[in-house]
Amino acid sequence: MSAPIVLAEGLSKSFRVADKQPGFSGTLRHLLRRRYRDVEAVRGLNFTIQPGEVVGFLGPNGAGKTTTLKMLSGLIHPSAGRVEVAGCLPQRRQERFLQQITLVMGNRQQLIWDLPPLDSLRVNAAVYGIDPIEAKRRITELADMLELGEELHRPVRKLSLGQRMKAELLAALLHQPAVLFLDEPTLGLDVNAQARVRDFLANYNRRTGATVLLTSHYMGDITALCERVLLIHQGHLFHDGSLDALTSRLAPCREVRLELRQVHPREAFEGFGTIEAQQGHQVRLLIPREQLTQQVGLLLSRFEVVDLEVSDPPIEELIGGLFRQQG
Amino acid sequence: MAHRVRRYWRSLLSFWATSMEAELEYQLNLVIELLAVLGNLAGSLFVLVLLAGPSGELGGWSWNSALVVLGIYTLLDGFTSCVLQPNLSKIVSHVQNGTLDFVLLKPIDSQFWLSTRSFSPWGLPGVVAGVALIGWALARTGEALSLGGLALALALLVAGALILYSLWFFLAGLSIWFVKVWNATEVLRYTLVAGRYPISAYPPALRVVFTLVLPVAFLTTVPAEALLGRASTAWALGSLAAAAISLVGTRLFWQFALRHYTSASS
Amino acid sequence: MARRSVLQSVQRAMRIAAALLSSQYAYMLEYRAEIALWALSGVLPLIMLAVWQGSDGAAAAGLTPQGLGRYFLAAFVVRQFSVVWLIHVFEEDALQGKLSPQLLQPLQPLWRYLAAHVAEQATRVPFVALMLASVVVLQPGLLWLPSPGQLLLGILAIQAAFVLRFLLQTLVAMLCFWSERAAALDRLLLIPYLFLSGLVAPLESFPPAVRRIAEYTPFPAMVSFPAKLLAGESVEVGAGFLNIALWCAVLFPLSRLLWRAGIRRYSAMGA
């Protein structure tokens, strides 16, 4: 196995936050004697990432995903622990480190607002020291992959959100970085645009072998792109592995959907498993995996079942449930 | 090393090309800027005439010499509008919008980026008017400046510009800590109008303030004296030293500011 | 019946005014630091005082150092409390479509901006007082106490000058509906304000011809008139206030006209 491209050991970050009470007396006290509170955003993360992997960081708001990404890109100094990316210490922000990484944020942009993307691309080409002819070739190739054409000639403010995000990706990838840090890249995009961005990222990873680290609220991003998921909850690394493994771990239950010929009262289904929903002829139950066969058999014999479906509960609900119970 | 210099030079050219392109969309601006510069100049000349009174002197400076000071002020004001204001006033919006992160991740020194990223052509009328006024006033004195004297005068002008840059940079950089005082640079601009007149026109107490606290003396009066061929060694050396110290100061300040930003931001 | 409806509308107006002013004041308090700095940027009259005091031109115009001191200090106070920044916020709001929700409410939006200005003035008071105090500490001879009558007239004159400036800038601000660069036009208006109002040079120092031309413009009413009142110089009070009233009488209907035309265009363009 080749050397990992991202290495995190005991990575922690805590922030000192001023503790201010509301109201006038609080303001006065704050003026005279500051009191601080330590907020631990990230605690003791340990993980390694091999070149070419596509890894997703999952977690609710405030879990520490963006903080972790910023520590990996060198924008924040860790409070404790060690982090190494592409053989460099990110916080030193050495030139050879910066040439190998890129950061794309879904809620902020780096393209010049009033000018066409091509102008921002020209600036990036100059900044990263890319020969103009080579830059042109790369732009054509990436624009092709991203399905961008005349949009590159229109001012950024006149592009739709989806087109803008695609142009942002182009600008971010012009210097062919080895590591991509993506913070909520499909934020606010419509379903089509989201799908296109996901397809592009998967395609890009396959073609160039670039490592992709991505945070997202949308499970669709994670399920479509990431073979590996790092779930961060309250600053800790809760899970490091595949999505399937996470599902099995979080959901000892499977979801059974029944459509019945007659309407039965809710109480009739208690005892088979947890009732998720019951409306008219439709019932949804959560049944522990070990008892699945037995309970399904009992249901089939007890009721007149028109249709039956067994599936995993949606991962969003599982994760949501996890955060709700531990939060 | 040469590759690095070439990269920075290429970046600078592309910064200014794209910046001007964005600005030149608004052509009405040129007319308004020209009118504003000419109007301000006319008004300042008028006030200078009133101040000089029948003796034609202000603070021991002849009316003509005072024009040189006014010309340097106009030149520096144009420089501020071209380079300082469009760039440094953006630092606070970078901090507020989180786009400072993008600047920090580019393989180019962040102070260089933040100081040179934009160029506004609207300051150029001021620069041209300032140079024209200086040239006209010098021609009227009828004295010629030696080559060495000219070199010294140019060096002192550059020193003044660097001191001005350092003042602006320091105030704009404070927005890393305090976003609410973003208009500190505006205050600077309004107080530097004192540079319109030679500092001997001010009472002695203010002269000290304008040398040590708000170094207006180094900005306009000292280069003017050099251009008029009466540079004093002490002041010239002081100006050059102040410029060097303030430039180094901005570097240290920025590194300090970045350390704070990268450990505090979430 | 008719009298009660007048009373009701007055009561309604007072209620709105109270609500606007208190909310704007709370808003401005949040921006104390910024406002303090804006107050600090009003030092120009103090700088000009320093230049004028030693100058030959002052002596030639018969201006005594004490008279100069009072005049410029008064001009400083006048400028602090008559500053108008409507054009900047209005342009931003108009261009970003923030006017639209305001237009849906039964209140002329310009009243909001006026309330904001008044609230900002109130927020400035402590900082201006601090600046005056520091000037007086440095040069104790400068301080004087105007008589109650002078003080009252002075404050009235400052507020009248403020209303005049506000109306003038309203006129320019209306151009925002037609051009994206109306704020730049205001910059041009700043030039005659600076030089003809008496802010940088007392009108006494002007050559007589120039002085007569200046007095045909509204600018001397904005600084010179209220400053002289505060400084205790002899000035034609009635004529001065009448002058301001006449200018307002011209500017007010003009701005109303432009407002109506502008709003029609704003709604037509898609607010």
Margin query: Quick test for you: out of C:Gly57, C:Gly69, C:Gly42, pick the one residue that is more than 25 Å from C:Ala161 (Cβ to Cβ) and either without any contact (Cβ under 8 Å) to a residue 24 or more places away in the chain or out of contact with any Phe, Trp or Tyr (no Cβ under 6 Å at 6 or more places or on another chain) (or both).
Written below: C:Gly57
Item checked: Some residue of region A:78-86 being within 18 Å of the chain's Cα centre (by Cα) and under 20 Å from A:Asn205 (Cβ atoms) -> no
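Being β-branched (Val, Ile, Thr) and either at the interface with chain C (Cβ under 8 Å from one of its Cβ atoms) or under 21 Å from B:Val83 (Cβ atoms) (or both) is the filter here, so list the residues in region B:180-200 that pass it.
Matches in region B:180-200: B:Val181, B:Thr185, B:Val187, B:Thr191, B:Val193.
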Checklist line | Selection from region C:35-51 of residues that are more than 7 Å from every other protein chain (Cβ to nearest Cβ) and either in a helix (DSSP H, G or I) or at pLDDT below 90 (or both) | finding: C:Ile35, C:Ala36, C:Ala39, C:Pro45, C:Leu46, C:Met48, C:Leu49
Next item on the list: Give C:Arg112, C:Arg79, C:Arg32 a once-over and let me know the one that is over 30 Å from C:Ser255 (Cβ atoms) and either more than 14 Å from every other protein chain (Cβ to nearest Cβ) or touching a residue at least 60 places away in the same chain (Cβ under 8 Å) (or both).
Entry: C:Arg32
Next item on the list: Look through A:Asp131, A:Asp119 and report the one residue that is more than 8 Å from chain B (Cβ to nearest Cβ) and closer than 24 Å to B:Arg7 by Cα.
Entry: A:Asp131
Next item on the list: Sort through B:Val68, B:Val47 and tell me the only one that's in a helix (DSSP H, G or I), modelled with pLDDT of 90 or more and in contact with a Pro (Cβ under 9 Å, 6 or more places away or on another chain).
Entry: B:Val68
Next item on the list: Return the residue satisfying two criteria in turn: it lies in region A:70-114 and is small (Gly, Ala, Ser) and part of a strand (DSSP E or B), and of such residues it is farthest from the other protein chains (Cβ to nearest Cβ).
Entry: A:Gly81
Item checked: Breaking point among (1) assigned to a loop (DSSP other than H, G, I, E, B); (2) within 14 Å of chain C (Cβ to nearest Cβ), for B:Pro107 -> (2)
Notebook entry, point to check: Which residue pairs have Cβ atoms under 6 Å apart, sit 6 or more places apart or on different chains, and have a first residue in region A:53-70 that is touching a residue at least 60 places away in the same chain (Cβ under 8 Å) and a second that is part of a helix (DSSP H, G or I)?
Noted result: A:Val54/A:Asn205; A:Val54/A:Leu225; A:Gly56/A:Ile222; A:Phe57/A:Lys65; A:Gly59/A:Lys65; A:Pro60/A:Phe323
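Every residue in region B:198-251 that is farther than 29 Å from B:Gly173 by Cα, buried (at least 21 other Cβ atoms within 10 Å of the Cβ) and free of Cβ contacts under 8 Å to residues at least 60 places away in the same chain, please.
B:Glu225
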Item checked: Residue match in region B:72-83 (condition: more than 12 Å from chain C (Cβ to nearest Cβ) and either farther than 29 Å from B:Arg230 by Cβ or at pLDDT below 90 (or both)) -> yes
Next item on the list: Could you please find all residues in region B:87-108 being in contact with a Lys or Arg (Cβ under 9 Å, 6 or more places away or on another chain) and among the small types (Gly, Ala, Ser)?
Entry: B:Gly98
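Inspect region C:252-267 for any residue being closer than 23 Å to C:Leu63 by Cα, over 22 Å from the mean Cα position of the chain (by Cα) and surrounded by 13 or more Cβ atoms within 10 Å (Cβ to Cβ) and give the result as yes or no.
no
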Note to self: For region A:246-279, which positions are over 18 Å from A:Val310 (Cα atoms) and hydrophobic (A, V, I, L, M, F, W, C)?
What the structure shows: A:Leu246, A:Val263, A:Ala268
Notebook entry, point to check: Across region B:1-40, what is the number of residues that are in contact (Cβ under 8 Å) with a residue 12 or more places away in the chain, aliphatic (A, V, I, L, M) and away from chain C (no Cβ under 14 Å)?
Noted result: 2
Next item on the list: Just give me the residues in region B:143-196 being part of a helix (DSSP H, G or I), charged (D, E, K, R) and in contact (Cβ under 8 Å) with a residue 12 or more places away in the chain, in sequence order.
Entry: B:Arg189, B:Arg196
Next item on the list: For residues that are within 13 Å of chain B (Cβ to nearest Cβ) and surrounded by 13 or more Cβ atoms within 10 Å (Cβ to Cβ), scanning just region A:29-46, find the one that is modelled with the highest pLDDT.
Entry: A:Val42
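The values are calculated or read from the model by the stated rules, or taken from the named source; none is laboratory data. Only a predicted model underlies this, so the values are computations on that prediction, with no experimental measurement involved. Cβ coordinates were reconstructed from backbone atoms using ideal geometry, including for glycine residues, and neighbour counts include every protein chain displayed.
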